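To keep things clear, I will list the structure first and then write my remarks on it.
The values are calculated or read from the model by the stated rules, or taken from the named source; none is laboratory data. Being a predicted model, the structure only gives us computed values, none of them experimental. Please note: Cβ atoms are built from the backbone with ideal geometry, for glycine as well, and neighbour counts cover all protein chains shown. Areas reflect the complete protein model, heavy atoms only, side chains present, ligands, DNA and RNA absent. Shrake-Rupley method; radii C 1.70, N 1.55, O 1.52, S 1.80 Å.
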Amino acid sequence: MKKGAFFLLLSIGLLLLPVSCGKQAPPADETVTQQVVELTVWAAEEDMELLQEITAAFQDHYSDQASFRITCQPQGESNCKDVLLGDLENGADVFTFADDQVAALAAAGALDPIEDAASIREANLSAAVEAASVDGTLYAYPLTADNGYFLYYNKAYFSQDDVQTLDRILAVAEEAGRQVSMDWSSAWYVYAFFGNTGLEVGLNEDGLTNYCTWNGTDGPISGVDVAESMLSVAASPGFSSRTDEAFLQGVQDGSLIAGVSGVWNTVAIQEAWGENAGAVKLPTFTCGGQQVQMASFSGCKLIGVNAYSEYPEWAVRLAEWITSEENQRLRFERRGQGPSNSAAAASAEVQNSTAMAALLAQAEFSQVQRVGGNFWAPVEEFAASMADGNPSGASLQAQLDRMVENVTAR
């Protein structure tokens with residue numbers, strides 16, 4: 001027999017021998033099906049494009065472990081809590097929210113304590129970890145550490161000395177026939193005038209109601225002093241109270257040359273002002289016969305995992321993916337949002353950002369936002385009166401007293 005024929009018969013014989021070890025092929029009629037994981041993610045409208053890119057990468061990374069149907073839906077971060085608690089079991093599996101909502105979400109059972117808390121604490125800035133915690137227990141994943149505000153200004157009009165005081169900023173704007181803006185329709189920004197005066201606001205121990213001394217009369221600076229300062233600012237032709245959206249429109253159409261906002265507008269402002277785009281901490285303002293440094297609220301954006309998610313393990317994985325160092329770097333690159341991840345925050349790109357430098361400089365004069373729900377509407381009503389020049393002519397002390405009564409209502 002020829003060698004070729006002999007080896008052919010030998011090979012056939014070996015193939016017919018039973019397999020005694022190693023991986024066996026499945027029966028012909030057996031099919032392997034992957035788990036189908038359905039997740040809904042809520043985030044701000046302006047984050048949709050980035051979020052879809054991040055979730056697509058997540059699906060690709062884990063494609064060998066499951067089949068995914070991930071739906072990204074726009075949902076405002078400021079009222080995420082109210083929407084979620086309205087129908088918790090049918091709410092998003094993963095959601096972005098402002099850190100001042102974490103206590104209420106945890107108390108309502110919407111968030112469970114983070115199991116791998118040690119690694120999250122180690123990877124993130126301490127302030128962001130604190131913002132994501134309730135009584136020392138971590139309930140959410142830090143996403144950003146930049147939820148504050150500072151002053152943007154156009155260098156074609158202002159020198160670095162000009163932007164140190166609000167008086168000078170307004171004078172320059174008046175001379176140029178332009179304006180400076182701040183949103184007095186939002187109590188979040190109005191805190192700037194009261195925060196460093198010795199007048200106080202915050203949460204009581206019940207975690208729901210507020211204490212507030214903004215109508216105080218006994219300290220070095222009274223509530224009336226602050227109100228009079230706000231009226232003086234509002235009376236300047238160089239000032240305009242505008243929402244954040246209207247501020248950006250004014251930057252783009254040239255009517256505004258400075259304004260108070262946050263890092264989320266960095267990219268758009270750089271596009272509008274180019275090399276003239278500047279940013280610094282908030283200025284001082286004249287109050288009670290002295291210069292007072294304007295204060296700010298600070299905070300973080302957090303990612304929560306719904307305790308009622310049908311796929312809790314995958315929801316946790318997705319939350320970790322969204323808040324990873326790599327994706328926080330990507331978020332800063334695309335959206336200009338400051339990372340909570342320590343390594344990402346220490347990167348050269350973040351450290352060289354003018355806006356982030358301004359935010360860090362303002363941090364010395366900021367307070368973590370911890371106020372109950374009754375804070376917002378009364379402060380906004382008071383500020384609207386100041387922005388309009390006190391059209392009712394009502395006593396400033398009476399208006400302050402009314403505001404404080406409503407802020408501290410139980």
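Values as computed for the structure displayed
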{"quantity": "Distance (nanometres) between label positions extended 7 Å along Cα→Cβ at residue 313 and residue 64", "calculated": "1.7"}
{"quantity": "Karplus (6.51, -1.76, 1.60) ³J(HN,Hα), θ = phi - 60°, over region 187-193, in Hz, Gly and Pro reported as x", "calculated": "4, 4, 7, 4, 3, 3, 7"}
{"quantity": "Residues with amide H under 5 Å from that of residue 340, placed H, sequence gap 5 or more", "calculated": "144, 145"}
{"quantity": "Amide H contacts under 5 Å for residue 68, placed H, 5+ residues apart", "calculated": "37"}
{"quantity": "Rounded to whole Hz, the Karplus (6.51, -1.76, 1.60) HN-Hα couplings of region 64-81, x for glycine and proline", "calculated": "7, 10, 6, 9, 10, 10, 9, 10, 9, 10, x, 8, x, 6, 6, 10, 4, 4"}
{"quantity": "Region 231-359 - Rg (one decimal) and Dmax (whole number), Cα, Å", "calculated": "18.7, 60"}
{"quantity": "Calculated FRET efficiency for the pair residue 388/residue 155, C-beta based, R₀ 35 Å, to 0.05", "calculated": "0.65"}
{"quantity": "Value of relative contact order over region 340-410, rounded to a whole percent, pairs C-alpha under 8 Å and six or more apart", "calculated": "31"}
{"quantity": "Computed over the chain: relative contact order in percent, which uses C-alpha pairs under 8 Å that are six or more apart", "calculated": "23"}
{"quantity": "Computed label-point distance, nm, for sites residue 218 and residue 352 using a 7 Å Cα→Cβ extension", "calculated": "5.4"}
{"quantity": "Estimated distance in nm for a label pair at residue 83 and residue 402, the labels positioned 7 Å out from Cα along Cα-to-Cβ", "calculated": "3.3"}
{"quantity": "Rounded tilt (10° steps) of 312-322 against the dominant C-alpha axis of the chain", "calculated": "60"}
{"quantity": "Carbon + sulfur, % of accessible area of the chain - ligands and nucleic acids excluded, 1.4 Å", "calculated": "49"}
{"quantity": "Amide H partners (placed H, <5 Å) of residue 261, local residues excluded", "calculated": "150, 152"}
{"quantity": "Accessible area per residue in Å² at 1.4 Å probe, computed on the chain", "calculated": "48"}
{"quantity": "Helix axis angle, 244-253 relative to the chain longest principal axis, alpha carbon, degrees", "calculated": "80"}
{"quantity": "Two-site FRET efficiency, residue 53 against residue 364, from Cβ-Cβ distance with R₀ of 30 Å, rounded to 0.05", "calculated": "0.25"}
{"quantity": "Calculated [θ] (222 nm, deg cm²/dmol) that DSSP helices of n ≥ 4 give over the chain, each run adding -39,500 (n - 2.57)", "calculated": "-11500 deg cm²/dmol"}
{"quantity": "J(HN,Hα) series, region 336-348, from Karplus relation 6.51 cos²θ - 1.76 cosθ + 1.60, nearest Hz, glycine and proline x", "calculated": "x, 8, x, x, 8, 5, 4, 5, 5, 5, 8, 5, 4"}
{"quantity": "Length-normalised contact order for region 105-162 - Cα pairs under 8 Å, 6+ apart - percent", "calculated": "29"}
{"quantity": "Cα-based helix-to-principal-axis angle, 166-176 vs the chain, degrees rounded to 10", "calculated": "90"}
